[in-house]
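**Q** Quick one: structure below, then a few questions.
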Amino acid sequence: MTPQPKDMEAPRLFGTNGVRGVVNTSEMDSAFALRLGQAIGTYMRGPVMIGTDARASGQMIKSACAAGLMATGCDVLDCGVVPTPTIQFAVKNNKVAGGIMITASHNPPEFNGIKCIDPDGTEMARQNEEKIERIFHDKSFARADWSSLGVTRPYTTSIDEYLDAIIGLVDAQAIRKAGLRVAVDCSNGAASNVTPKMLERLGVKYVTLNADPNGAFPGHNSEPTPENTKDIVGLVKAGGFDFGFVHDGDADRTIFIDDTGRYLYGDRSLALCAYHACKKNKGGLVVTSVGSSMCVEDATKMTGGDILYTMVGSPIVAREMIKHNAVFGGEENGGLIFPELQHCRDGAMSGAKILEIVAHHGKLSDQMDKIPWYSQYKVKTKCPNDRKQEIMSKLAASAKGDRLDTTDGVKIFSKKSWVLVRPSGTEPIFRVFSEAPTMEDAKKLAEDYKTEVERLLKE
Ligand code: MG
């Protein structure tokens, strides 16, 4: 076996949203969680907040991870089953060394994952994850002496602290006065322990769906896609609710259904909150990733704000928001980031903000119709990994349009449309994503660029 040079890059563990794998395979079993806990503890060197989503394997992975942390001398503060943003808030609010969330977000029930939180409550920066990966692979773990081992204590007030903060940041009086009725689908996830409580405290009448934490996800899979949200759409239509909303499994994301029963893609709530953040701040910067709809840029500019596009990935959006002191940000998948609370995607805060907007301004459908609607179209095309860079350079060089953005892939804007050709990080494909005022135009644009990629590949 060839010895690995010391400075060789350690194999990567963390993906864009922590480490994920199928439980009780070598990628996510108790031995792995224990060893990763030791690596995290060696890096964090202080008290660590820990929580899980509602998955059946949460207890096992959490216990193993906590054992690893305690072995390095870190105390563990166990928040129980809570949303990811609750752990993030607890880390920042209690000024601890960091946090760990045991979650696989919207993945199927057999998955689980381990995600690290930096002391400021944001998802861990990549350079810090690399330090943990290095410790993990080198097995250079801190070993506390018998008398200085860490202990695990329950931390039972994280949800109340989190809700106090959210309620303190919205116009709770206006929400109470508006007498709103909403339907909420907690997707049998961590939101079950938080969102109904929040609605009660805000004096909102509500009906719940799937509001018991259950790792088998009996209601539907925990990704809030149009297919998984048919029940709540039906409920909103039949029940005459002011709106409906659905969380993903760890409640960092929220998708809304308006009073007419329209499923609103995450871009729509992102645009509406951007509009109000810029209106309130008399301008300001909104940060989102390159795949977001133009409606976000339109809404931002309607109220005097400016937009900054980043690479795809919520930790990247959050860090750019901090760097540029942005007034709002998020991603098109329903992950909205409200900097007045914290720099991370926040499902419950998203619900509270939309309640406030409806209480102040009226029906959600009317608010949505003030923002332009566009049609989007997505296709894929094959491309060997070793030719992706060359194809992107050629596309960028020959691009005809008003504006070119190469932040993440090649995005070409022309008047009221754009096309984004982006290489997949995991598969030998390009994703071609377009947006235009009509579906016909969006489809043509995406198909034209798919053909262009195929033509360039033959060169
Ligand atoms: Mg999630």
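The values are calculated or read from the model by the stated rules, or taken from the named source; none is laboratory data. As the structure is a prediction and not an experimental result, all values here were calculated from the model. With ideal geometry, Cβ positions are generated from the backbone for all residues, glycine too; neighbour counts draw on all protein chains shown. Remember, those area values only see protein heavy atoms, side chains included, never the ligands or the DNA or RNA. Shrake-Rupley method; radii C 1.70, N 1.55, O 1.52, S 1.80 Å.
**Q** Do any strands (runs of 3 or more DSSP E) entirely within region 84-194 hold 2 or more residues that are away from the ligand (no atom under 16 Å from the Cβ) and closer than 21 Å to D53 by Cα, and if so, which?
**A** 152-154
**Q** Of everything in region 227-247, what is at pLDDT 95 or above and either β-branched (V, I, T) or in a loop (DSSP other than H, G, I, E, B) (or both)? Give them in sequence order.
**A** Result: T229, I232, V233, V236, F241, D242, V246.
**Q** Across region 224-245, which residue is farthest from G362 (Cα to Cα) among those that are surrounded by fewer than 20 Cβ atoms within 10 Å (Cβ to Cβ) and among the acidic types (D, E)?
**A** Checking each candidate, the answer is E227.
**Q** Filter region 191-207 down to the residues that are open to solvent by 40 Å² or more (accessible area, probe 1.4 Å) and out of contact with any Leu (no Cβ under 9 Å at 6 or more places or on another chain), then identify the one that is farthest from T156 (Cα to Cα).
**A** E200
Yes/no per residue for (1) open to solvent by less than 70 Å² (accessible area, probe 1.4 Å); (2) in a loop (DSSP other than H, G, I, E, B); (3) more than 27 Å from R126 (Cβ to Cβ); (4) modelled with pLDDT of 95 or more:
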site	(1), (2), (3), (4)
V317	yes, no, no, yes
L341	yes, yes, no, yes
I354	yes, no, yes, yes
H360	no, no, yes, yes
I371	yes, yes, yes, yes
Q389	no, no, no, no
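**Q** Quick one: count up the residues across region 406-437 that are open to solvent by 60 Å² or more (accessible area, probe 1.4 Å), of a type outside the set (K, R) and within 19 Å of E297 (Cβ to Cβ).
**A** Within region 406-437, residues that are open to solvent by 60 Å² or more (accessible area, probe 1.4 Å), of a type outside the set (K, R) and within 19 Å of E297 (Cβ to Cβ) number 2.
**Q** Evaluate region 305-315: report whether one residue or more is closer than 26 Å to V194 by Cβ and in contact with an Asp or Glu (Cβ under 7 Å, 6 or more places away or on another chain).
**A** Checking region 305-315: at least one residue is closer than 26 Å to V194 by Cβ and in contact with an Asp or Glu (Cβ under 7 Å, 6 or more places away or on another chain).
**Q** Residue under question is L270, and the condition is that it be open to solvent by less than 30 Å² (accessible area, probe 1.4 Å), within 21 Å of V184 (Cβ to Cβ) and outside any loop (DSSP other than H, G, I, E, B); does it hold?
**A** Judged against the criteria, L270 is a match.
**Q** Run down V246, V286 and say which single residue is within 28 Å of V194 (Cβ to Cβ) and within 16 Å of the ligand (Cβ to nearest atom).
**A** Sole residue among the options that is within 28 Å of V194 (Cβ to Cβ) and within 16 Å of the ligand (Cβ to nearest atom): V246.
**Q** Next up: Taking F89 as the residue in question, decide whether it is open to solvent by 10 Å² or more (accessible area, probe 1.4 Å) and within 20 Å of S30 (Cβ to Cβ).
**A** Considered against the rule, which asks whether it is open to solvent by 10 Å² or more (accessible area, probe 1.4 Å) and within 20 Å of S30 (Cβ to Cβ), F89 comes out as no.
**Q** Cβ-Cβ below 6 Å, separation at least six or inter-chain, first residue in region 13-41 and buried (at least 18 other Cβ atoms within 10 Å of the Cβ) and in a strand (DSSP E or B), second among the aliphatic types (A, V, I, L, M) and modelled with pLDDT of 95 or more: which pairs?
**A** If the second residue must be among the aliphatic types (A, V, I, L, M) and modelled with pLDDT of 95 or more, the pairs left are G18/I114; V19/I114; G21/M28.
**Q** Touching an Asp or Glu at 6+ places or on another chain (Cβ under 7 Å) and of a type in the set (D, E, K, R) - does that describe any residue in region 85-97?
**A** Yes, the conditions are met somewhere in region 85-97.
**Q** Here are some conditions: (1) farther than 29 Å from V432 by Cβ; (2) out of contact with any Asp or Glu (no Cβ under 7 Å at 6 or more places or on another chain); (3) of a type in the set (V, I, T). T254 meets all but one. Which one does it not meet?
**A** The failed condition is (1).
**Q** Now for a different question. May I ask you to verify whether R55 is open to solvent by 40 Å² or more (accessible area, probe 1.4 Å) and more than 23 Å from L336 (Cα to Cα)?
**A** no
**Q** Can you tell which of A238, A251 is of a type in the set (A, V, I, L, M, F, W, C) and in contact with a Cys (Cβ under 8 Å, 6 or more places away or on another chain)?
**A** The unique qualifying residue is A251.
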